[in-house]
Amino acid sequence: AAGPSQSVYRLYQQSTGRHFYSSNQQEIDIISGLPESDFLNEGIAYVVAGNASQDLHRFYKPSAAMHFYTASSSERDALIATSDSSYLYEGVAYQVFDSQVAPIGSTPVYRFYDPLQGTHFYTASNQEMLILESTHPNWIQEGIAWHV
């Protein structure tokens, strides 16, 4: 049986220009509510349907204070197995739809990579995707990362 839908929020870190995604309201409140925090809660990035069943894995890179997300278990396993990987596996962030078996009507989430900064960006907004492609030509669109 499908559970309730889940809102995923996007927070923006002003000092780094990076984004953080979470569906955990307590985590969101702590990160955006700390007096020393420079994270702005941008609101709901997307809503995941209750019947999503693909794990979305979250990693953290302490040296750069950034997160990486993947719905690919092989990509997760490769990062975990790489002894010199600077990413720490934080576990499953929330559920999504695998891009290969996404239901009709679901929304694709695109992943971009900035080779100059070594960072990733994720968006479910076609308008935001088009703006990024036209204003940041150095960002490489890696395609659909998952669906919501």
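The values are calculated or read from the model by the stated rules, or taken from the named source; none is laboratory data. Everything numeric in this text was worked out from a predicted model, so none of it was measured. Heads up, the Cβs are rebuilt from the backbone with ideal geometry, glycines too, and the neighbour counts pull from every protein chain shown. These area figures cover heavy atoms from the full protein model, side chains too; ligands, DNA and RNA do not enter into them. Shrake-Rupley method; radii C 1.70, N 1.55, O 1.52, S 1.80 Å.
With contacts taken as Cα pairs under 8 Å and at least 6 residues apart, the chain reaches a relative contact order of 21 percent.
The distance separating the Cα centre of the stretch 86-108 from that of the stretch 1-80 comes to 11 Å. For the stretch 5-148, the solvent-accessible area of protein heavy atoms averages 53 Å² per residue (probe radius 1.4 Å; ligands and nucleic acids excluded).
About the Cα centre of the stretch 84-148, what is the dipole size in debye to 20, counting +1 per Lys and Arg Cβ and -1 per Asp and Glu Cβ, all else neutral? Intermediate values should be presented prior to the final figure.
Working: 1 positive and 7 negative charges, 29 e Å.
Taking the Cα centre of the stretch 84-148 as origin, the dipole is about 140 debye.
Cβ neighbours within 10 Å, averaged per peptide: list 94-107, 66-79 in order, most packed at the top. All intermediate terms of the calculation are to be shown ahead of the outcome.
Numbers: 94-107: 15.2, 66-79: 16.9.
In descending order of packing, they fall as 66-79, 94-107.
Relative to the Cα centre, the charge distribution of the chain, modelled as +1 at Lys and Arg Cβ and -1 at Asp and Glu Cβ, gives a dipole magnitude of about 120 debye.
With the gyration tensor restricted to C-alpha atoms of the chain, the semi-axes of the equivalent ellipsoid amount to 22, 19, 18 Å, longest first.
Quick one: with all protein chains in place, what share of the accessible area of the stretch 53-134 is carbon or sulfur, to the nearest percent (1.4 Å probe)?
Values: 2220 of 4350 Å².
The computed percentage sits at 51.
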